[in-house]
Ligand code: RIB
């Protein structure tokens, strides 16, 4: 019998064009960079692959263009043993592309041309209703229309499913969506956007997390990671590693956390597992190329 937990990831599929340079350019500035890489990416796809490599049975709901990037991405998902039955094609829009700059500290700047990702609709979600009903966890981000995220969240809530939201890119969200979400995973910028509180230290992180949870959400995890589990607040420090590239680290964190919670661990245990997975990812170049396998994690 297959004991793998079922996770449905709903989100974006992109191709990443990455240039490494000593530092990130300022507005209006041209700088000479170093190596160029073209890698598969997209927050949804990265999270789907992370969940699959870390031991879940994953269905990925997404939309690609009818082009080479889209077809290449589809082949990758199949090779990762992800269920691609609900990866739709938009014949009028190109597949998503992200332009990424990475500096010598591994920090990045990302700009996304969403293309077909922006056509993933509530009607598409309806086609995958049975998969959502069968799932342990539904994992989403915000690189697809907010209307689709809201629709899928309402459906998952109706079916009594665990909903995990990585609210990236930062965007303001209504309380109705937050009330139906079990766990939200904002980074510093996203936490500031959701709470209206500038996060500069532990105290302000605590206040930001409190403000977000007042909107009706029980569990909040933050980069680093500052965690609120029901009434408990705890700071779980990130592991110290030699960071090469942080691209997709939040995606690995989100995918890993979803697997661990689906397997019945507590939020704190799941954050420790997710921290360990993300710590491996930042020591490697790229998004999907950096995602670890379950056997690499000793937590
Ligand atoms: O989180 C990293 C991802 O964000 C990249 O792979 C890029 O495609 C953007 O979606």
A correct fewest-to-most ranking of 157, 66 by other Cβ atoms within 10 Å would be 66, 157
Using the number of other C-beta atoms within 10 angstrom as an exposure proxy, rank 43, 4 with the fewest first.
4, 43
Over the chain: Kirkwood hydrodynamic radius from C-alpha pairwise inverse distances, Å:
19.0
Debye calculation, C-alpha points only, no solvent: report log10 I(q)/I(0) for segment 114-175 at q = 0.18, 0.22, 0.27 Å⁻¹, in the same order as the q values.
-0.62, -0.92, -1.28
Per residue of the chain, what 222 nm ellipticity follows from adding -39500 (n - 2.57) for every DSSP H run with n ≥ 4, rounded to the nearest 500?
-10000 deg cm²/dmol
In which sequence would 233, 159 go, from the one with the fewest C-beta neighbours within 10 Å to the one with the most?
159, 233
Could you give the Stokes-Einstein D for segment 122-271 in µm² per second, using the C-alpha Kirkwood radius, 4 °C, 1.567 mPa s?
83
Relative counts (whole %) of C-alpha pair distances in segment 227-276, using bins that are 10 Å wide
25, 52, 22, 2
Taking 4 °C and 1.567 mPa s as the conditions, I'd like the Stokes-Einstein D for segment 24-116 in µm²/s, using the Kirkwood hydrodynamic radius from alpha carbon pairs.
88
Hey, could you pull the Cα Rg and Dmax for segment 78-200, both in Å?
15.9, 46
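Readers should treat all values here as calculations from the given coordinates under stated rules, not as data from a laboratory. Keep in mind the model is a prediction, meaning the values are calculated, not measured. Note: ideal-geometry Cβ built from the backbone for every residue, glycine included; neighbour counts use all protein chains shown.
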